[in-house]
């Protein structure tokens, strides 16, 4: 009896070539619907699945392979006399190779114009059943879900090296494939049902790359992207030049991208150790960069720089004078890219959408054997949400700087304080265990530039000490969420020294 292969694929890339290779090695090809039509048109001999089952495809193709003559041929244990006796008694031929890929559910739901009906129709039933059956019986059956494996399977067949160890690897890949497929369906239906936090959370991630190491050289690491429609981040960036991205590069660059996307105007964000060290906005990319650099010309060394506008040659020349780990922008002029790539080590990424706010992201944090999940902090405070709580109202210029500083403070580790002036951060303090401690770091970084600056705080002032320090340092206006039982003490302190203070009612803790 000839060995048998079943080929039933939605993505038909390489299928005809694979089938031809199997025929050359003496296999009988069983196939379904459009796959069988393609193979026949290529002049290949194919046995239609309905010939095997003795039953036609029905229900608009929903039922074609769900039959004992198919699944019995896949699942039978070849070293089990009772199993083989059953096959013989019913005239079922074993199936030795199963090459199946699935309806494109993920691609369908990624289309913003799709309908629920279309999504449901693209939930594959027979395909996953055959894949799982073949993977379960890997000691005897070779399962292929990735066209990229066709060539190796054919080569191993020729060399009599299609062994159990190799089939086990393909089975593992197959189960991962169907698990991802089902998880995407569950996640999609939960979104349709409005269940942001379902009782059972099913998320899948696809490896983007292995990393040399994690935060430190003794830690192993890899980079994965979430397989969920609507979620996008640094994994969408295209690598243009430089050394391989490290774990810390990716983490830092992710923070820079998130902050850059807060702004509509041209912005440059400099990040070090996942914390902003300098942010500037301006009428041009160069102006934004010069402000970000001037905010902290020491910490930017070895940091990440992200723009939300294309980088021109003049800006590139300034960047090339610095030691930077990563540069990210939506584009580069030809001359700018030529200038930047002179340095072999700097990593240059291009990423679309950096001038658009992204409100679809979710954030995950592992806590031992558990997982914390939340929507990203996508609040966008505007002038209508502000409440002036002091006698003095901020000037228009102060209010612009306050809103700018509040966008930045959202991305600084709590406790967080940001000092800003003229669209430039002049002092940032974050990750402190007290608010006055964070303010002290921000003032130390700002030095004399604190005079005339505004302050943003990620949370309320529990005591008047920060307002008192602002008065001593020459800060003219403060923006903070408010909500402390001691708010009145800070308001009175500001009133006594002519500082304007605004409450937003929105806290921005970032732990």
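The values are calculated or read from the model by the stated rules, or taken from the named source; none is laboratory data. This is a predicted model, so every value here is computed, not measured. Here Cβ is always computed from backbone atoms with ideal geometry, including for glycine, and neighbour counts include all displayed protein chains.
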Would you say residue 484 is in a loop (DSSP other than H, G, I, E, B) and closer than 30 Å to residue 252 by Cα? no
Considering only segment 69-167, give the helices (runs of 4 or more DSSP H) lying wholly within it that have at least 2 residues that are surrounded by fewer than 17 Cβ atoms within 10 Å (Cβ to Cβ) and within 26 Å of the chain's Cα centre (by Cα). 105-110, 116-121
Is it fair to say residue 76 is touching a helix residue (DSSP H, G or I) at 6+ places or on another chain (Cβ under 7 Å) and assigned by TED's automatic domain parsing to the domain that holds residue 156? yes
Residue under question is residue 289, and the condition is that it be at pLDDT 95 or above and within 15 Å of residue 424 (Cβ to Cβ); does it hold? yes
Take the conditions in contact (Cβ under 8 Å) with a residue 12 or more places away in the chain, over 25 Å from the mean Cα position of the chain (by Cα) and either surrounded by 15 or more Cβ atoms within 10 Å (Cβ to Cβ) or assigned to a strand (DSSP E or B) (or both) and apply them to residue 358. Does it pass? no
Checking residue 436 against (1) free of Cβ contacts under 8 Å to residues at least 60 places away in the same chain; (2) part of a loop (DSSP other than H, G, I, E, B); (3) in contact with a helix residue (DSSP H, G or I) (Cβ under 7 Å, 6 or more places away or on another chain): exactly one of these is not met. Which one? (2)
Could you check, for segment 381-401, whether at least one of its residues is in contact with a strand residue (DSSP E or B) (Cβ under 8 Å, 6 or more places away or on another chain) and closer than 23 Å to residue 254 by Cα? no
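The rows are residues; the columns are (1) without any contact (Cβ under 8 Å) to a residue 24 or more places away in the chain; (2) under 24 Å from residue 124 (Cβ atoms); (3) not in a loop (DSSP other than H, G, I, E, B).
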{"residue": "178", "(1), (2), (3)": "no, yes, yes"}
{"residue": "182", "(1), (2), (3)": "no, yes, yes"}
{"residue": "197", "(1), (2), (3)": "no, no, no"}
{"residue": "200", "(1), (2), (3)": "yes, yes, no"}
{"residue": "206", "(1), (2), (3)": "no, yes, yes"}
{"residue": "216", "(1), (2), (3)": "yes, no, no"}
{"residue": "222", "(1), (2), (3)": "yes, no, yes"}
Does any residue of segment 361-377 turn out to be over 26 Å from residue 489 (Cα atoms), touching a residue at least 12 places away in the same chain (Cβ under 8 Å) and in contact with a helix residue (DSSP H, G or I) (Cβ under 9 Å, 6 or more places away or on another chain)? yes
Can you say whether residue 364 is at pLDDT below 95, touching a strand residue (DSSP E or B) at 6+ places or on another chain (Cβ under 7 Å) and assigned to a strand (DSSP E or B), as far as the supplied structure shows? yes
Cβ pairs under 7 Å, 6+ apart or interchain, first in segment 16-38 and outside the structural domain of residue 158 (by TED's automatic domain parsing), second modelled with pLDDT of 90 or more and assigned to a helix (DSSP H, G or I), ordered by first then second residue, are none
Yes or no: residue 298 farther than 23 Å from residue 422 by Cβ and either in a loop (DSSP other than H, G, I, E, B) or in the same structural domain as residue 443 (by TED's automatic domain parsing) (or both)? no
Working carefully through the options 240, 234, find the one that is touching a residue at least 40 places away in the same chain (Cβ under 8 Å) and more than 22 Å from residue 317 (Cβ to Cβ). 234
Candidate set: segment 228-263, residues that are modelled with pLDDT of 90 or more and assigned to a loop (DSSP other than H, G, I, E, B); chosen: the one surrounded by the fewest Cβ atoms within 10 Å (Cβ to Cβ): 244
Is it the case that residue 443 is free of Cβ contacts under 8 Å to residues at least 40 places away in the same chain, in a loop (DSSP other than H, G, I, E, B), surrounded by 19 or more Cβ atoms within 10 Å (Cβ to Cβ) and touching a helix residue (DSSP H, G or I) at 6+ places or on another chain (Cβ under 8 Å)? no
Among the residues of segment 409-417, is there at least one that is in a loop (DSSP other than H, G, I, E, B), farther than 16 Å from residue 268 by Cβ, free of Cβ contacts under 8 Å to residues at least 24 places away in the same chain and touching a helix residue (DSSP H, G or I) at 6+ places or on another chain (Cβ under 9 Å)? no
Across segment 315-330, what is the number of residues that are closer than 22 Å to residue 264 by Cα and surrounded by fewer than 21 Cβ atoms within 10 Å (Cβ to Cβ)? 1
Being under 26 Å from the mean Cα position of the chain (by Cα), surrounded by 14 or more Cβ atoms within 10 Å (Cβ to Cβ) and more than 21 Å from residue 487 (Cβ to Cβ) narrows 449, 365, 421, 407 down to just 407
How many residues are under 12 Å from residue 461 (Cβ atoms), out of contact with any helix residue (DSSP H, G or I) (no Cβ under 6 Å at 6 or more places or on another chain) and part of a helix (DSSP H, G or I) when one looks only at segment 493-511? 0
